[in-house]
Amino acid sequence: MLTIQRHAAIFGFGYEGCELGEFIAQLGREGITLLVDVRLNPISRKRGFSKTALAAALADAGIGYQHMRALGNPKWNRAGFGGDTAELEAARGVYIDQTLGAPAAQEALARIAEAARRETVAIMCFEADERRCHRRLVLGALNDLSDASQPSSGDTRHPGR
């Protein structure tokens, strides 16, 4: 199941449980012109979602692709995003302090905000539930950075519904 969260000109996508064709079709339905991959390592056991294959499939659909490693969540911090409330809050704090605060991450955020002024951008990671993914923090940081991304009503859309 593909989970999508809209934040004005920037969407959040998690591809967990989704096939590549369904994923790209949903991007097309939403008018996405640029997909920004915020996984630390853009590899996947899920067919088609590793960097090279994904970029090629997106190009065939007329969608740009950028990997922004600087926004990836370190492997050692991921378990907390699936934990209880205290673990989740701790993992979020670590990500904000150690990743989003870094100069490379700030530069990546500025590039995304600039792109969102020209086109419809989606931020992508694996996790379907944005509340359990660092993707939500990236979108929040973009809100703080500029008016390129405004929070939505919180509606989540699923393909086929």
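The values are calculated or read from the model by the stated rules, or taken from the named source; none is laboratory data. Keep in mind that this is a model prediction, so the values were computed, not measured. Neighbour counts run over all protein chains shown; Cβ positions are idealised from the backbone, glycine included.
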Scanning the stretch 121-139 for residues that are within 16 Å of L100 (Cα to Cα) and among the charged types (D, E, K, R), the one nearest to the chain's Cα centre (by Cα) turns out to be R135
Unique match (being out of contact with any Gly (no Cβ under 8 Å at 6 or more places or on another chain), free of Cβ contacts under 8 Å to residues at least 60 places away in the same chain and under 13 Å from G12 (Cα atoms)) among R78, R29, R131, R69: R131
Take the residues of the stretch 1-42 that are at pLDDT 95 or above, among the β-branched types (V, I, T) and under 20 Å from T99 (Cβ atoms): which is surrounded by the most Cβ atoms within 10 Å (Cβ to Cβ)? V38
Just to confirm my filter: which helices (runs of 4 or more DSSP H) fall fully inside the stretch 18-134 and include at least 1 residues that are aliphatic (A, V, I, L, M) and touching a strand residue (DSSP E or B) at 6+ places or on another chain (Cβ under 9 Å)? 20-29, 51-60, 103-118
Which of (1) polar (S, T, N, Q); (2) under 18 Å from E16 (Cα atoms); (3) surrounded by fewer than 14 Cβ atoms within 10 Å (Cβ to Cβ) does T85 not meet, given it meets every other one? (2)
